[in-house]
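Visitor: Attaching a single structure in structure tokens format; questions to follow.
Just so it is clear, none of the values below were taken in a lab; they were calculated from the coordinates. All figures in this text were calculated on a predicted structure; none of them were measured in a lab. Here the Cβ positions follow ideal geometry from the backbone for every residue, glycine too, while neighbour counts run over all protein chains shown.
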Number of protein chains: 2
Amino acid sequence: MAEPSETVANPQTESGGEAEPLYGLTTGVARATREALVAGDAARVRRLVRPLHYSDQADLIERFNPALRRGFIDVMRGQLDAEVLTELDESVREEVVQQLGAAETAAAVSELDSDDAVHVLEDLDEEVQQQVLDALPAEDRALVEEYLSYPEDSAGRLMQRELVAIPAYWTVGETIDHMRESTDLPEDFYDIIVVDPRHQPVGTIPLNRIMRTRRPVRVRQITAGKMFPIPAVTDQEEVARLFRQHDLVSAPVVDEGGRLVGIITIDDVVDVIHEEAEEDLMLLAGVGEADVYHALMDTARSRFSWLAVNLLTAILASVVIGLFEGTIKEIVALAVLMPIVASMGGNAGTQTLTVAVRALAMRELSRQNAWRFVFKELFVGAINGILFAVLAGICAGLWFQSVPLGGVIASAMMVNLIVAGLSGTLIPLGLERLGVDPAIASSVFLTTVTDVIGFLAFLGLATLFLV
Amino acid sequence: MAEPSETVANPQTESGGEAEPLYGLTTGVARATREALVAGDAARVRRLVRPLHYSDQADLIERFNPALRRGFIDVMRGQLDAEVLTELDESVREEVVQQLGAAETAAAVSELDSDDAVHVLEDLDEEVQQQVLDALPAEDRALVEEYLSYPEDSAGRLMQRELVAIPAYWTVGETIDHMRESTDLPEDFYDIIVVDPRHQPVGTIPLNRIMRTRRPVRVRQITAGKMFPIPAVTDQEEVARLFRQHDLVSAPVVDEGGRLVGIITIDDVVDVIHEEAEEDLMLLAGVGEADVYHALMDTARSRFSWLAVNLLTAILASVVIGLFEGTIKEIVALAVLMPIVASMGGNAGTQTLTVAVRALAMRELSRQNAWRFVFKELFVGAINGILFAVLAGICAGLWFQSVPLGGVIASAMMVNLIVAGLSGTLIPLGLERLGVDPAIASSVFLTTVTDVIGFLAFLGLATLFLV
């Protein structure tokens, strides 16, 4: 196992406009590894990979195409850092686990911290998951199964079991001695949890406070009073909000009896904040989840359903247009201009909608200020409605040399921007009331409304005043 | 100052579908404070506010309307926690600082940690900022001005100066004694930085490792070799990526000479991750920034420019339609159906675009896998293009009892979904190459392309084959 490592200087000169990251996987290493792999030089691949951080190894694996990925895993078999599995994208991880097989995956998983082990296992295909579980040592299996008994995306799944808990009557000296003697301390920790005799947390002490305090002082005297015990069933989004709101670094997790069962540290929460923000972004765009690494057919399938819904709403808008076939036949300019009204409504509505969805997720928008927000967006819609009514009216009037046509598009524009402001707020607020994630469905509803109202107002007014 | 506190039970029963947060500002407290404020009961307001965490006090201030906000600040004058300022939304903070005046703001700012002080000051109006700076004690002012000399959104702005740095030849015992005796340690810290005689960082030691190690051991022996010193000019987005990628809790910041100038801790990075994700979301929706708390006219103005751009692109699409006025006059069904093709292209393109923008921000998409990604999206576009071509063709054919019309919409749909897949990838990749944030401008370009191609393909094919 004493193979040497190899480092590759990064060819900065050729990187052009794209900035290389400060640390992490560089283009040079990625290319050298690919070349060694293609050339079948297994020893060189291992030399190149060894100095990399596990998350950079994961990046490397993700960037290979599936064939090279299989070759790479074969070359690295038995030598991959177990933590690489935790960093892989879900769909790539599934592939890698399939290739490694249940026994080798189980061996890797049992090296991980409990929360990381669960993170690797929870997203696997049920059948594969069971095979890996069966291959785990009985003790590890029991622990993982206990984790999996907590709801998905809950604090229970996020916490780690490894923690330092001490009674309040200990002194600082006893605490330090305990830590020097313990052999099963967690790998990293920032706070010590003080518990009462029923193992309920009563406070936390940051390590630096222990360190600054003299040995004879009792921990009770330096325990922070304010503490935020998190029930294990709490949703991870709420956990993230709590950490961010109160600038926490770690927080104890408790069962229904209020007993300490684990601890959540901020590095896990960073991933959650990240995922939740990404989820909102993807849902608003009608993408199930970020899918750079998904297989082609999976990606196509996951996008299909949203497009199918959109086809239905587009047909609905067409039906509205169909009501005015006679008018359009008489004044073809209407067909030319009508997409402007619908498009402006859709864009203005999306602006409002995005702000509302984000504010709801951040709890900046609540029942107390909801009406103020709705009225504000209504007025914003009205102000921009007037401005763009004038602009669009002048453009259309000049283009088709018709003042009445300019007046009709101006009125329709104003109506649609006000409707956009209203529906951009009321749709997400309504969905939230109904307990539906407002990110998931609101943009379909919104564009349906702005399309239908846009065409209806424009063609309707034209039928009344121009024909 | 011995006024009592008051806590309000939260009326869970009336909260209906909206879940109350686990901790933080509750509806009950918010309402009671508003009532006390309206009733002019200043003492009760103070009693209610005292038990709240500073970030909950900030939330409370944000939720008031401007008039109540002014009343609240008057009541709390001189009693507000300085940290409340750091938690306020930018536009609300500006209002509050205006009301407090330079002297009182300066007094609050000088109580804060250096990085928090800068965070409060950097976003203020230049004139107000200068007034507050002038009111600061000379030493604090010099420190803040040094911070402000670093570029906006850089590691230098994010770091705190307060840190613990020790030489490598010290023992664990000496280190612990140093910490017990120092009076100017930072409030919170998780790692100790080991420096060489030129004050360049050579490694970090997590506090828990100090704590587990016996007193005579030299710190050199327990220093973690792998370390990520961050140049002070590094962009905060890169800092966030680094922390997330390598699961860091803190990292030293260095000047051009490689000397230690500060430390960045993960709680600051959490805010950055959050802001950057929000920024992408808002830019894609054409909103400058999240503006729940902005004044009505500011909001209307900030949305105007995006809508103006959209008006121009919508007119461009109309010009394309205008080329086919003759065809539409003959077959009005074309006017009825044409929005379907454009709308499907816009949606499919937005799906691809959002995934690409996010992947670029996360560096999952790089020069090495860019072409693979483009081809994949092209094929996804083609697959869904075929499926929706069939669906739309059948619908249109049945609706207007015309097989050729069905064929035309089917072909146009296929063309537009392929174009959507291509432009959804090539536009953000191209902008990134040019050094432009791909989130900022790509959706305008995209919908312009899908609208123009959608109308052109549909009406063009109709002109060729149906007239």
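Visitor: Taking every alpha carbon pair in chain A, what does the distance histogram look like in 20 angstrom bins from 0, in percent?
Guide: 18, 38, 31, 11, 1
Visitor: Count neighbours as other Cβ atoms within 10 Å of each site's Cβ, and list the trypsin sites (Lys or Arg not before Pro) in the range B:43-102 that are DSSP loop with at most 14 such neighbours.
Guide: Numbers: sites: B:Arg44, B:Arg46, B:Arg47, B:Arg63, B:Arg69, B:Arg70, B:Arg77, B:Arg93; in loops: B:Arg77.
Filter output for the range B:43-102: B:Arg77.
Visitor: Could you tell me the calculated FRET efficiency between B:Arg77 and A:Arg433, based on Cβ-Cβ distance and R0 = 41 angstrom, to the nearest 0.05?
Guide: Efficiency computed from Cβ-Cβ geometry: 0.60.
Visitor: Another one. What nm distances, shortest first, do you get from the label point of A:Glu162 to those in the other copies when the point sits 7 angstrom along Cα to Cβ?
Guide: List, nearest first: 3.1 nm.
Visitor: Given R₀ = 56 Å, FRET efficiency for A:Ala295-A:Thr183 by Cβ-Cβ distance, to 0.05? Working shown, then result.
Guide: On the way: r = 45 Å, r/R0 = 0.80.
After rounding to 0.05, the efficiency reads 0.80.
Visitor: Taking neighbour counts of Cβ atoms within 10 Å as a proxy for exposure, in what order, fewest first, do A:Glu94, B:Glu152 appear?
Guide: In increasing order of surrounding Cβ atoms, one gets B:Glu152, A:Glu94.
Visitor: Show the residues, 5+ positions off or on another chain, whose built amide H is closer than 5 Å to the amide H of B:Phe400.
Guide: none
Visitor: Quick one: Cα convex hull volume of the protein assembly as shown, Å³ per residue?
Guide: 188 Å³
Visitor: May I pose another question? Roughly how tilted is helix B:172-181, in degrees to the nearest 10 and between 0 and 90, from the longest Cα axis of chain B?
Guide: That helix lies at roughly 80 degrees to the long axis.
Visitor: Right, another one. Let a ≥ b ≥ c be the square roots of the eigenvalues of the Cα gyration tensor of the range A:122-188; is it rounded (a/c under 1.5), or, if not, prolate (a/b larger than b/c) or oblate?
Guide: Prolate shape, in that a/c is at least 1.5 and a/b is the bigger ratio.
Visitor: So what is the relative contact order for the range A:296-465, in percent, with contacts set as C-alpha pairs under 8 Å and at least six apart? Intermediate values should be presented prior to the final figure.
Guide: Numbers: 208 pairs, mean separation 60.7, N = 170.
Value for the range A:296-465: 36 percent.
Visitor: Report, ordered by chain and residue number, the lysines lying within cross-link reach of B:Lys329, taken as a straight Cα distance under 21 Å and ignoring same-chain residues fewer than 8 apart.
Guide: Leaving aside lysines fewer than 8 places away in the same chain, those within reach of B:Lys329 are A:Lys329.
Visitor: Which distances, in nm and shortest first, link the A:Ala441 label point to the same label point in every other copy, taking 7 Å along Cα→Cβ?
Guide: Going from nearest to farthest copy, the values are 3.8 nm.
Visitor: Run through the other copies and list how far each one's label point is from that of A:Phe375, in nm with one decimal, shortest first; the point sits 7 Å from Cα along Cα-Cβ.
Guide: Result, one decimal in nm: 5.9.
Visitor: Using helices alone, I'd like the mean residue ellipticity at 222 nm for chain A: each DSSP H run of four-plus residues gives -39500 (n - 2.57), total over residue count, nearest 500.
Guide: Helix contribution divided over all residues of chain A: -20500 deg cm²/dmol.
Visitor: Report the antiparallel proportion of the DSSP beta bridges in the range A:165-284 as a percent, rounded to a multiple of 5.
Guide: Antiparallel bridges make up about 70 percent of those DSSP assigns within the range A:165-284.
Visitor: Taking the 0 to 90 degree range and rounding to the nearest ten, how far is the long axis of helix B:27-38 tilted relative to the main principal axis of chain B, both from C-alpha atoms?
Guide: On a 0 to 90 degree scale, this one is about 70.
Visitor: In terms of the Cα gyration tensor, with a ≥ b ≥ c the square roots of its eigenvalues, is the range B:296-465 rounded because a/c is under 1.5, prolate because a/b exceeds b/c, or oblate?
Guide: On the way: a/c = 2.61, a/b = 1.42, b/c = 1.83.
The shape class here is oblate.
Visitor: Shifting gears a bit: Would you work out the charge dipole size for the range A:122-234 about its Cα centre, treating the Cβ of every Lys and Arg as +1 and the Cβ of every Asp and Glu as -1, and quote it to the nearest 20 debye?
Guide: Roughly 1520 debye for the range A:122-234.
Visitor: Quick one: what are the phi-derived ³J(HN,Hα) couplings along the range A:50-67, Karplus 6.51/-1.76/1.60 with θ = phi - 60°, whole Hz, x for glycine and proline?
Guide: 3J(HN,Hα) across the range A:50-67, in whole Hz: 3, x, 7, 5, 4, 6, 6, 4, 4, 4, 4, 4, 5, 7, 5, 7, x, 5.
Visitor: Using a 10 Å cut-off on Cβ to Cβ distances, tally the other chain neighbours for every residue of B:342-354 and report the average as a whole number.
Guide: Mean shielding count: 6.
Visitor: For chain A, what is the percent of antiparallel DSSP beta bridges, rounded to the nearest 5?
Guide: Around 75 percent antiparallel, to the nearest 5.
Visitor: Further, regarding this structure: With r as the distance between the Cβ atoms of A:Asp125 and B:Asp41 and R0 = 60 Å, compute the FRET efficiency 1/(1 + (r/R0)^6) and round to 0.05.
Guide: 0.45
Visitor: What fraction of the DSSP beta bridges in the protein assembly as shown is antiparallel, stated in percent and rounded to the nearest 5?
Guide: 75 percent
Visitor: Another one. Using DSSP to call loops (not H, G, I, E or B), can you name the GluC sites (Glu not before Pro) in the range B:164-243 whose Cβ has at most 16 other Cβ atoms within 10 angstrom?
Guide: Hits after loop and neighbour filter: B:Glu187.
Visitor: Let me ask another. What average number of partner chain Cβ atoms lie no more than 10 Å from the Cβ of the residues making up B:460-466?
Guide: 0
Visitor: Same structure again: Could you work out how far helix B:438-465 tilts from the main Cα principal axis of chain B, as a 0 to 90 degree angle to the nearest 10?
Guide: The answer is roughly 10 degrees.
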